[in-house]
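The values are calculated or read from the model by the stated rules, or taken from the named source; none is laboratory data. Nothing here was measured: the structure is a model prediction, and the numbers come from that model. For neighbour counting, all protein chains shown are included, and Cβ atoms are generated from backbone atoms with ideal geometry for every residue, glycine included. Side chains included, ligands, DNA and RNA excluded: accessible areas come from the protein's heavy atoms. Shrake-Rupley method; radii C 1.70, N 1.55, O 1.52, S 1.80 Å.
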Amino acid sequence: MEDLKCKKCRRAAQKLFLKGDRCNSAKCSMVRKPYAPGPFGKSKGKHPKRGLSEFGTQMREKQKVKFNYGLREKQFANYIKEASKKTKGDKSSELFGLLELRLDNAAYRAGFADSRTLANQIVSHGHILVNKKKVDIPSLRLKVGDKITIRPQSASKGIFKDIDGKLKKYKTPVWIKLDPDKREAEIAGKPILSDEPALMGSLNLVIEFYSR
């Protein structure tokens, strides 16, 4: 039976990289089944973009972003509400910052996990330290100067197999400074939405969807 995460990618009509390395392999559902899930998905062919209303397009982008960050509807709506309170500047950039500075996302961006789903698990299980203190809250919001580290007692676990080699080859976004030898990442700045052009349009549509 197909994994629910794979169905989310097919429903969003693009890879959301919810299953780490598998998403880059021939086993990826988007490679094997490049059409929407369900009994009529294949008969309709690859995801048609025509025919979607403005509301439908906004809804699809909302679902895509929500699935991408592994959030429940209430969680996601709360981030939208907070971002929308911003009276100056770009609300999409504000939303991007709120999502990216979650602890689980930062652990993923630092290379500590192959997917956000796995990053959420390693945080929940207490494998990550924030400023040398164990934290098990994936939604914890980080700030500039915070340091996240793989807990020394957890480094030998299978979930971190070959992590040292991976970190030495891994390239983080500019707002994260990684020290592979210490297995430590520092929040060196604020996430910049313009560095993720593929996400810019999606977040604009999401803001429009919730402003209805």
(request) State all residues of segment 98-111 that are farther than 16 Å from Asn131 by Cβ and part of a helix (DSSP H, G or I); if no residue qualifies, say none. (result) Leu98, Leu99, Glu100, Asp104, Asn105, Tyr108, Arg109
(message) Quick check on Ala83: is it aliphatic (A, V, I, L, M), buried (at least 21 other Cβ atoms within 10 Å of the Cβ), over 11 Å from the mean Cα position of the chain (by Cα) and more than 20 Å from Pro152 (Cβ to Cβ)?
(response) yes
(request) Determine which member of the set Gly97, Gly111 is under 22 Å from Gly165 (Cβ atoms) and in contact (Cβ under 8 Å) with a residue 12 or more places away in the chain. (result) Gly111
(message) Let me confirm something: among Asp104, Asp146, Asp164, which residue is acidic (Asp, Glu) and farther than 17 Å from Pro191 by Cα?
(response) Asp164
(request) Pick out the one residue from Ile137, Ile148, Ile159 that is in contact (Cβ under 8 Å) with a residue 12 or more places away in the chain, open to solvent by 40 Å² or more (accessible area, probe 1.4 Å) and not in a helix (DSSP H, G or I). (result) Ile137
(message) Quick check on segment 112-134: of everything there that is in a loop (DSSP other than H, G, I, E, B) and open to solvent by less than 30 Å² (accessible area, probe 1.4 Å), which residue is nearest to Ala77 (Cα to Cα)?
(response) Ser115
(request) Kindly establish whether Phe55 is more than 14 Å from the chain's Cα centre (by Cα), of a type in the set (Phe, Trp, Tyr) and in a helix (DSSP H, G or I). (result) yes
(request) Hey, can you tell me all the residues within segment 55-95 that are charged (D, E, K, R) and within 23 Å of Gly189 (Cα to Cα)? (result) Glu82, Lys85, Lys86, Lys88, Asp90, Lys91, Glu94
(request) Filter segment 149-182 down to residues that are over 17 Å from the mean Cα position of the chain (by Cα), within 30 Å of Asn78 (Cβ to Cβ) and of a type outside the set (S, T, N, Q), then give me how many there are. (result) 5
(request) Could you please let me know if Asn105 is over 12 Å from Ile159 (Cβ atoms) and either at pLDDT below 95 or within 12 Å of the chain's Cα centre (by Cα) (or both)? (result) yes
(message) Anything in segment 162-185 that is surrounded by fewer than 16 Cβ atoms within 10 Å (Cβ to Cβ) and of a type in the set (D, E, K, R)? List them, or say none.
(response) Asp162, Asp164, Lys166, Lys168, Lys169, Lys171, Lys177, Asp179, Asp181, Lys182
(message) Against the condition touching a His at 6+ places or on another chain (Cβ under 8 Å), surrounded by 13 or more Cβ atoms within 10 Å (Cβ to Cβ), touching a residue at least 40 places away in the same chain (Cβ under 8 Å) and not in a loop (DSSP other than H, G, I, E, B), how does Ile207 come out, does it pass?
(response) no
(message) Here is a check on your reading of the model: is Leu71 in contact with a Pro (Cβ under 7 Å, 6 or more places away or on another chain) and at pLDDT 95 or above?
(response) no
(request) Look at Leu95 and say whether it is assigned to a helix (DSSP H, G or I) and open to solvent by less than 10 Å² (accessible area, probe 1.4 Å). (result) yes
(request) Kindly list the number of the only condition in (1) part of a helix (DSSP H, G or I); (2) surrounded by 20 or more Cβ atoms within 10 Å (Cβ to Cβ) that fails for Gly70. (result) (1)
